[in-house]
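These notes are about the structure you will find just below.
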Amino acid sequence: MLRKVLFAAAAAMALSVGSAAVAPVSAATLRYANQGDLKSLDPYTLNETTTNAHLGNVYEGLTKRDKDLKIIPGLAESWEIVEPTRWRFHLRKGVKFANGEDFTADDVLFSADRVRAQGSNFQTRVPKDAKFVKVDDYTVDVVLATPNPILHYQWDTWYIMSKKWAEANNATQPTPASAATPSYASLNANGTGPFKIESHQPGVKTVFKPNPGWWGKPEHNLTEVIFTPINSDSTRVAALLSGEVDIIEPVPLQDIQRVNQSQNAQVLTGPELRTIFLGMDQSRDELLESNVKGKNPFKDKRVREAFYKAIDVEAIKSRVMRGLSTPSALMIAPELFALSKDFTRPKADPEAAKKLLAEAGYPNGFEVGMDCPTDRYVNDGPICQAVVGMLARVGVKVNLNAQPKAQYFAKVLKPNGYKTSFYLLGWTPGTLDSHNVLYDIMGCRDDATARGETNLGGYCNKQLDALTDKILVETDADKRNQMIKQAFQIGIDDYGYIPLHQQSLAWGVAKNVKVVQRADNQVLLYWIRKD
Amino acid sequence: MADVTLTTPPDTPSRWTRFRDSDLLASFLSSKLTMVSALVTVVMILGAVFATWIAPTNPFDPASVDLMNSLFPPRWIEGGDPRFLLGTDNQGRDIWSAILYGMQVSLIIGIVGVIIAATLGIGLGLLAGYLGGRVDALIMRVADIQLTFPAILIALVIDGVVHAFFKGAPREQTAFGVLVVSIGLSFWVQYARTIRGSTMVEKNKDYVHAARLMGVPAPLIMLRHVLPNVIGPVLVILTINLALAIITEATLSFLGVGLPPTQPSLGTLIRIGNDFLFSGEWWIVAFPGVTLAVFVLAVNLLGDWLRDALNPKLR
């Protein structure tokens, strides 16, 4: 049966390729495969770049980011800071949602509440204490408790939803990543963006069609986009090389050369702004997954330092990443922080790690569970396995729980109560600014403000938080950079996190397809042209 | 000494003599193919059993694996390292050791899975055949329904359900049990059908009637009288199913729902290697793949021979 289907598919492919030469219309169907799937269409479920990119074709924020990641007007035509704590946004007129409803200030107010509600993974997008005031149908004021000059920096991925549509479909509450049953909003989408979703089968395929009522002028020439997740590295590459798909992300590192040597496809590489790191649960009094009972070994700085020193990022670079990674001392990419050159990552030192563990009272190590996604970052699974091996050699037994990202995120994120002891995560600051890292990842967890929303391990240092608050309002670039440097130094001295590296972008693209490769690794359909 | 000669009359051959003179051995010795496959099977099983002593390293022990040794080709190819006969995988594990340990895991899962399937199938088959009526109808309709689904699909469903029950439990701890249960529940039908058929024939024979008249309880009749007379064909199914179970395990592991990469079975090794199929590191997938193919082929040939040898119609 399967063979028949495959054969039929192959025949259909052959036909479509054959007819492409004579009828260029059919060529405008773009097939895109990613290693991970698109689980929920609810734009507030999972703050993860691939998901944000998918949904960014359908939904739009008040701001957008252009090809060079500069902030440009989106659903807001313009904005001004009336006074330091009051921002005014002038909304674009004549914008319609895909279902024909008009976009107005009410939708912004509704989205501002929904994005901050329980279960949202985007609570830090909008300050908890910010008040949204409707001035008229196309003007919204945001009243802040404290000045925030970077308020709109990551509003390009705070997608505006239709109030009427959400109310009509019982979707006024965000769908948490840990939700057992999908909500209407997680299976359907209604945005203002250049594409709409024709059909969505989670884990199987999603079909995008251009939105004829879009307010902008389309730069793409696509009539249809078919997205399929292909988890297996070799299958994904084979699909690209055989012409079954036009774009794959990522190209497995071991296959880059092969794709580049092929006739019909090439690999676009570049530095990515994402930092891959390891986090440790420092908040619980007893770890969820460990044989140490009655205390939490990660509360002891020496244990965290030992973990840091046990892990050889250079070996990971040369062996797992085949040279295509930049070991990082910081929790942010060097492109995003001017003073990152002042930091160097100390070399791995397993002997010192062993000594530190012994000093901390674990001469024979201990056992700890580790959570790891297998289809999110470049070689995430093999990196975790390498970490398991490196820690084993200093006596720590790591029980690796490597799962696809849907299950991984459902387990470790806030809605499920941060159920992890030790984990691998990657982070690109949505603001492209250090403050986001210091606030979302390194800030003390606080429900009232959503600070530390993605601080899965609960690292906390009030000194760092105080600096972060000052960094937010500081306008002098030099002073601000010095403060950021100081804050990162606190994190390093605490061994709060173990930064590993920045991975490299690797998109496999058919030669007849032109894409815009943004350094935040968002594959955005509305800039893609296919000949 | 005298007692022994008394209790063992000289004209009753010992078990060994009976086996030596049997058709089974004669048929075995007359088929070279069977002898070769038996030899291969035995060697591979021994290799798996004594993996701990034969294998130069232990791939289960992360502490013995060095990432810097990763992706070495086999020893005889340029760039190979003399320490690693068949090369290393992307984590620096010795492929030769991994195959030995992987065989061990695959075999254990296969054998335990088949035992579960056989126990379940024999039990249900006996019940259905002996009791007949509604019990028979119920059991056999369930079997029919299950037969409409491929075994691998059933195993996938069971795997999914069990994992939903143990939500959050690390795969390392649940994988073995889940696999064994999935395989056991997927393969019981064949045993049940075979046993039911022969039981229905046997239960009308005189010795069963006699036992019933003597008042022997039904469970005892089933186990003591019927079972020994219907068990023959099951031996054949057992052998062939072992090969199938190992393939199923490998398939599940290949699909990523089986054993995790930290406890590699042959299927897991093939899955890991599959990612390197295009990039020139062929040895990661080739050697475990060949091992699996050879083992399954050998066991299948043995099973075929056993089926023919035990079939009186073919003699």
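The values are calculated or read from the model by the stated rules, or taken from the named source; none is laboratory data. Just so we're clear, the structure is a prediction, and the values are computed from it rather than from any experiment. Please note: Cβ atoms are built from the backbone with ideal geometry, for glycine as well, and neighbour counts cover all protein chains shown. Only protein heavy atoms, including side chains, enter the accessible area calculation; ligands, DNA and RNA are left aside. Shrake-Rupley method; radii C 1.70, N 1.55, O 1.52, S 1.80 Å.
For (1) within 22 Å of A:Val82 (Cα to Cα); (2) charged (D, E, K, R), each residue gets a yes or a no:
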{"position": "A:Phe110", "(1), (2)": "no, no"}
{"position": "A:Asp113", "(1), (2)": "no, yes"}
{"position": "A:Ala117", "(1), (2)": "no, no"}
{"position": "A:Arg125", "(1), (2)": "yes, yes"}
{"position": "A:Lys128", "(1), (2)": "yes, yes"}
{"position": "A:Lys134", "(1), (2)": "yes, yes"}
{"position": "A:Asn188", "(1), (2)": "no, no"}
Scanning region B:88-110 residue by residue, the ones that are more than 11 Å from chain A (Cβ to nearest Cβ) and either within 27 Å of A:Val396 (Cα to Cα) or at pLDDT 95 or above (or both) total 11
With the first residue restricted to region A:306-322 and required to be within 7 Å of chain B (Cβ to nearest Cβ) and part of a helix (DSSP H, G or I), and the second required to be open to solvent by 50 Å² or more (accessible area, probe 1.4 Å) and of a type outside the set (Lys, Arg), Cβ contacts under 8 Å at 6 or more apart or on different chains are A:Ala315/B:Met68; A:Arg319/B:Met68
Among residues of region A:210-233 being more than 14 Å from chain B (Cβ to nearest Cβ) and among the acidic types (Asp, Glu), the residue least open to solvent (accessible area, probe 1.4 Å) is A:Glu224
Of the candidates A:Cys372, A:Cys384, the one satisfying the condition of being open to solvent by less than 10 Å² (accessible area, probe 1.4 Å), assigned to a helix (DSSP H, G or I) and closer than 26 Å to B:Arg93 by Cβ is A:Cys384
All conditions in (1) farther than 22 Å from A:Thr275 by Cα; (2) open to solvent by less than 30 Å² (accessible area, probe 1.4 Å); (3) touching a Gly at 6+ places or on another chain (Cβ under 9 Å); (4) part of a helix (DSSP H, G or I) are true of A:Ala352 except (3)
Residues of region B:255-288 being touching a residue at least 40 places away in the same chain (Cβ under 8 Å), away from chain A (no Cβ under 11 Å) and part of a helix (DSSP H, G or I), in sequence order, are B:Leu266, B:Gly267, B:Thr268, B:Leu269, B:Trp283, B:Phe287, B:Pro288
Report task. Would you check if there is a residue in region A:323-335 being within 14 Å of another protein chain (Cβ to nearest Cβ) and in a loop (DSSP other than H, G, I, E, B)? Result -> yes
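Only strands (runs of 3 or more DSSP E) wholly contained in region A:10-80 count here; list those with 1 or more residues that are crowded, with 24+ Cβ neighbours inside 10 Å and modelled with pLDDT of 95 or more.
Numbers: elements: A:29-34, A:63-65, A:71-73.
Correct list: A:29-34.
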Practice problem: For region B:4-25, state whether one or more residues are modelled with pLDDT of 85 or more and either within 24 Å of A:Met390 (Cα to Cα) or out of contact with any Cys (no Cβ under 8 Å at 6 or more places or on another chain) (or both). | Solution: no
A:Ile247: passes all of (1) surrounded by fewer than 22 Cβ atoms within 10 Å (Cβ to Cβ); (2) on the phi < 0 side of the Ramachandran plot but (1)
When every residue in region A:396-427 that is away from chain B (no Cβ under 14 Å) and either at pLDDT 95 or above or touching a His at 6+ places or on another chain (Cβ under 8 Å) (or both) is compared, the one farthest from B:Ile272 (Cα to Cα) is A:Trp427
If we ask which residues in region B:45-75 are at the interface with chain A (Cβ under 8 Å from one of its Cβ atoms) and assigned to a loop (DSSP other than H, G, I, E, B), their number turns out to be 5
